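Peer 1: I'd like to ask you about the structure that follows.
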Amino acid sequence: MAVDIIVCAKQVPDPEGPPSSFEVNEAERRVTARGIPPVINPFDENALETAIRIKEATGAAITLLSLGKGLSRAVILKAVAAGADSSLLVEDDAFDAALLDSFTTAHLLAGAISKAGPYDLILCGRQAADTNAGMVGLILAQFLGVPAITLAQKVEVSEGRVVVERVLPDGYEVVEAPLPALVTVSGEVGDLRYPSLQAIKAAKGFPQTALGRADLDLNLPALARLETVALAIPSRERRCALVEGDTLQEAGRKLALLLRQEKVL
């Protein structure tokens, strides 16, 4: 059964970048990455790999959907070349991922999907590497009015239904839902395949649609449900205390008293 799949792919600073390249801006209440190239969120890469496997089995068509500010075309091109058929970019200076909460992001994605045409299956990563919130997929499913299945390690489509192996702490369970549906994909699926140079060149000619804020006709401040009121680096204090005693027992008592005073014990 051939289906139309939309894969939501967020661009994030490379999680493998050095910690020293991340700066906390307390005034703007955000974390800024310096000198770290953007990549597709690793869990969204798992979702894309899942879509490609379904495509190989059923002949599905895959649209890569990315939302953000200043989206890297090179990153999109590489992702499309891995096995997608087209891309839909929702881009505006107001769509800064650091300033959008999960509710607003899901609302924007739902608006973009409504412009994309019919779909059967939406795949998202289980969470984003920059926030680890893991909420957008479920909120998006609620907006679209479709069933949602989370933490997939295997996804198959058959006879108008999606069948999912869902990760559990001690194994997995098999669940299914009618299409259209949304599935969040976990890392157990495996890494996204590397596109060949020939595939990257060919992907330059694939259909690409661009939408902006005006196309979605949404009031972003009115959508927000979560506000970051403060963001700061935890303060760390180190003190060294020398515990002395004529005997080990006396030193032990003094140490216990000190720890009790510091509320460690």
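What follows draws every value from the coordinates through simple rules; no lab data is involved. Quick caveat, the model's predicted, so the values are computed rather than measured. Reconstructed Cβ throughout: ideal geometry from the backbone, glycine too, with neighbour counts over all protein chains shown.
Peer 1: Which order do peptides 79-90, 94-105 fall in by mean Cβ count within 10 Å, highest first?
Peer 2: The peptides rank, most packed first, as 79-90, 94-105.
Peer 1: Can I ask one more? Using the Kirkwood formula over every pair of different C-alpha atoms, what hydrodynamic radius in Å results for region 140-189?
Peer 2: 11.0
Peer 1: Let me have the relative contact order for region 90-172, percent, based on Cα pairs under 8 Å that are six or more residues apart.
Peer 2: 22
Peer 1: Defining a contact as two alpha carbons under 8 Å apart and six or more residues distant in sequence, what relative contact order in percent does the chain show?
Peer 2: 24
Peer 1: Hey, can you rank 125-133, 21-29 by average C-beta count inside 10 Å, highest first?
Peer 2: 125-133, 21-29
Peer 1: Follow-up. Any idea what diffusion coefficient the chain gets from Stokes-Einstein, in µm²/s, Kirkwood Rh on alpha carbon pairs, 4 °C, 1.567 mPa s?
Peer 2: After rounding, the answer is 63 µm²/s.
Peer 1: Going by average Cβ density within 10 Å per residue, which order do the peptides 221-229, 57-65 take, highest to lowest?
Peer 2: 57-65, 221-229
Peer 1: Next question, about the same structure. Which value in Å is the Kirkwood Rh of region 141-222 over different Cα pairs?
Peer 2: Here the Kirkwood hydrodynamic radius works out to 16.1 Å.
Peer 1: What are the extents of the Cα atoms of region 52-96 along their three principal axes, in Å, largest first?
Peer 2: Projected onto its principal axes, the Cα set of region 52-96 covers 39, 16, 12 Å.
Peer 1: Restricting to DSSP H runs of at least four residues, report the calculated mean residue ellipticity at 222 nm for the chain, -39500 (n - 2.57) per run over all residues, nearest 500 deg cm²/dmol.
Peer 2: -9000 deg cm²/dmol
Peer 1: Any idea what the dipole of the chain comes to, in debye rounded to 20, about its Cα centre with Lys/Arg Cβ at +1 and Asp/Glu Cβ at -1?
Peer 2: 360
Peer 1: If you split all Cα-Cα distances of region 77-177 into 5 Å bins from zero, what percentages do you get per bin, shortest first?
Peer 2: Spelled out per bin, shortest first, that is 2, 10, 18, 21, 23, 16, 7, 3, 0.
Peer 1: Determine how many Å³ per residue the convex hull of the Cα atoms of region 190-265 encloses.
Peer 2: Enclosed volume per residue, from the Cα hull, is 331 Å³.
Peer 1: Please order Tyr119, Tyr194, Tyr172 by the number of other Cβ within 10 Å, starting at the fewest.
Peer 2: If I rank by nearby Cβ atoms, fewest first, I get Tyr194, Tyr172, Tyr119.
Peer 1: What number results when the radius of gyration of region 107-265, computed over Cα atoms, is divided by 2.2 N^0.38 Å?
Peer 2: Dividing the Cα Rg of region 107-265 by 2.2 N^0.38 Å gives 1.74.
Peer 1: Okay, next question. Assuming R0 = 51 Å, what is the FRET efficiency of Lys115 and Arg260, from their Cβ-Cβ distance, to the nearest 0.05?
Peer 2: Working from the Cβ atoms, E equals 0.20.
Peer 1: Run through every distinct alpha carbon pair of region 1-118 and return the Kirkwood hydrodynamic radius in angstroms, one decimal place.
Peer 2: Here the Kirkwood hydrodynamic radius works out to 15.3 Å.
Peer 1: Right, another one. When the chain is fully extended, how far beyond the present Cα-Cα distance does Ala74 get from Thr32, taking 0.36 nm per residue of separation?
Peer 2: 13.0 nm
Peer 1: How many angstrom lie between the C-alpha centres of region 167-190 and region 71-119?
Peer 2: 22
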